[in-house]
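Reviewing the structure listed below.
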Ligand SMILES: Nc1ncnc2c1ncn2[C@@H]1O[C@H](COP(=O)(O)OP(=O)(O)O)[C@@H](O)[C@H]1O
Ligand SMILES: [Mg+2]
């Protein structure tokens with residue numbers, strides 16, 4: 001069942017020098033229980049979209065329905081105010097109220113939320129349940145200002161969950177944590193949301209976070225949705241060069257596409273480093289100018305021609321060049337190889353014996369050469 | 001001060017087109033001498049069918065008009081420092097606008113609120129101009145009383161005694177405002 005749906009949402013801000021079109025024609029359907037991520041560079045309109053869903057921002061036009069009911073419609077002029085939407089939200093700054101202790105922070109939605117008055121005992125119970133979900137058992141009486149960043153994060157999450165909302169909105173909740181804690185919280189948050197079966201809309205600019213956590217990802221660019229797909233397809237089947245470049249490091253080669261008539265998604269492309277076998281969607285035409293996206297980790301490095309495998313059934317591309325730059329990353333070795341005019345980035349096994357200036361052969365299967373529109 | 005908080009909210013947060021207007025209006029009051037305010041109030045309230053002239057209320061209204069600018073500055077400045085997500089988190093929690101003001105904004109602004117109030121209180125206490133113009137015999141302000149004792153009755157001793165009490169109260173309150181713990185508390189809230 002679809003829990004949340006956005007239809008042609010637009011949001012324009014009036015600023016001193018004209019207008020900012022922060023969100024353009026965004027349409028989305030989010031299934032119940034789904035972990036859905038809005039991903040994009042800073043300033044692309046993710047937060048604004050999320051704030052429109054929450055009701056903190058009123059869209060300029062469009063329609064939003066939540067749980068089957070219309071909460072915003074520009075055509076009918078109806079708006080359900082924030083405090084009547086059944087939503088929990090975690091803010092980037094955590095927004096923990098400094099003048100209250102942990103219990104008061106988490107109990108606030110139960111005490112002052114528009115739902116029916118609740119007995120003291122029940123509030124106590126639900127706050128304690130909510131706190132144990134985020135592993136802060138027994139911290140009720142701590143002062144909010146004395147918590148660490150990670151703990152504030154957890155209190156914010158407990159507060160958002162305490163009313164059992166239909167929808168949980170998260171705006172870059174992990175971006176203020178240090179790297180190690182961020183990774184821990186990522187796993188924990190993901191596990192918690194799936195366990196509770198709650199529907200989540202997650203905003204982030206961190207592509208790794210998005211790939212790891214999401215059921216589906218919507219990539220945004222300059223206020224528009226560019227691609228909605230699961231992590232695998234976003235990574236391996238980017239619809240354009242922006243998505244390919246934003247999600248992970250990518251090599252791009254310009255070329256002219258020609259479809260292989262026997263095989264549906266296959267073709268060849270003339271590039272500056274020779275003819276490449278590539279895969280491409282049905283929308284590409286013969287002679288079209290395209291970019292070929294090549295992931296650094298899909299390229300295999302061999303030091304002699306004999307070792308280049310020839311796997312039948314899979315068309316392999318092979319090119320040769322000299323190593324120009326070599327960076328040891330611990331868990332990987334990142335090298336840049338000069339092939340003709342191009343510098344190709346390759347991520348390989350750190351145990352491989354390679355050195356700068358070495359002549360090497362690069363092997364990449366056709367599957368991993370994805371044609372995207374120029 | 002509550003009025004000042006509302007005006008601060010209007011100009012800082014509400015996002016209404018004319019939200020800045022009351023804020024500027026209060027600033028204009030600073031440039032108007034007390035005596036002019038008093039005269040203006042006399043004209044307005046003697047011509048209106050409101051039973052205010054000659055009561056304590058006209059003095060209170062005059063004082064509010066006069067000191068709104070200052071208290072408003074204090075509240076706006078402090079309000080700007082509250083992260084708007086703190087209020088939005090309350091909205092999301094299902095709280096009404098009023099609950100958000102009462103449970104979130106006011107408690108966080110409390111130190112500034114108290115200081116502003118004390119400052120205004122001290123200044124109102126030593127006021128002579130407004131009260132002198134507006135007082136009637138049976139309800140006087142301390143400033144007006146002192147003036148009378150001195151000018152009309154020549155009772156310097158009694159006048160001076162009141163002045164000493166007044167000054168010690170003001171001094172005490174001023175020191176209270178300047179207490180470093182209060183600024184500490186305000187800093188902690190952020
Ligand atoms: N309240 C506002 N007033 C004016 N412009 C805004 C406002 N909020 C956001 N914007 C603009 O809208 C665009 C999108 O912002 P935002 O949704 O916050 O991006 P993101 O969260 O993806 O970084 C930006 O160009 C930003 O400057
Ligand atoms: Mg943002």
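Listed values, structure above:
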item: Rounded FRET efficiency, nearest 0.05, which uses the C-beta distance separating residue A:230 from residue A:137 and R0 of 41 Å; result: 0.70
item: Relative contact order (percent, whole number), chain A, Cα cutoff 8 Å, 6+ residue spacing; result: 15 percent
item: Amide N of the range A:266-306 lying under 13 Å from the label point, which is placed 7 angstrom from the Cα of residue A:320 along Cα→Cβ; result: A:302-306
item: For the range A:130-243: relative contact order, % (alpha-carbon pairs under 8 angstrom, 6 or more apart); result: 17 percent
item: Ratio Rg/Rh, restricted to the range A:250-372 and using Cα atoms, in which Rh is the Kirkwood radius; result: 0.99
item: Shielding score for A:152-165, defined as the mean number of other chain Cβ atoms within 10 Å; result: 1
item: Footprinting exposure proxy for A:44, B:84, A:369, A:266 (fewest neighbouring C-beta atoms within 10 Å first); result: B:84, A:266, A:44, A:369
item: Efficiency of FRET between residue A:367 and residue A:343 - r from beta-carbon atoms, R0 35 angstrom, step 0.05; result: 0.90
item: Crossing angle, helix A:120-133 versus chain A [Cα axis fit, 0-90 degrees, rounded to tens]; result: 20 degrees
item: Helix axis angle, A:102-112 relative to chain A longest principal axis, alpha carbon, degrees; result: 70 degrees
item: Length added when fully stretched, residue A:303-residue A:93, from 0.36 nm per residue minus Cα-Cα; result: 70.6 nm
item: Averaged over A:53-62, number of beta-carbon atoms from partner chains that fall within 10 Å; result: 1
item: Cβ-based exposure ranking for B:98, A:97, in which fewest neighbours within 10 Å come first; result: B:98, A:97
item: With Cα atoms, 0 to 90° folded angle of helix A:149-161 axis to chain A main axis; result: 70 degrees
item: Shielding by partners, peptide A:86-98 (average Cβ within 10 angstrom, other chains); result: 5
item: Mean separation of Cα contacts under 8 Å (6+ apart) over length of the range A:250-372, as relative contact order %; result: 31 percent
item: Spin-label pair residue A:222/residue A:58, simplified geometry with 7 Å Cα→Cβ offset, distance in nm; result: 2.9 nm
item: Sorted by Cβ density within 10 Å, fewest first, the residues A:2, A:198, A:14; result: A:14, A:2, A:198
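Every number in this text was worked out from the coordinates using simple rules, so none of it is lab data. Keep in mind that this is a model prediction, so the values were computed, not measured. Neighbour counts run over all protein chains shown; Cβ positions are idealised from the backbone, glycine included.
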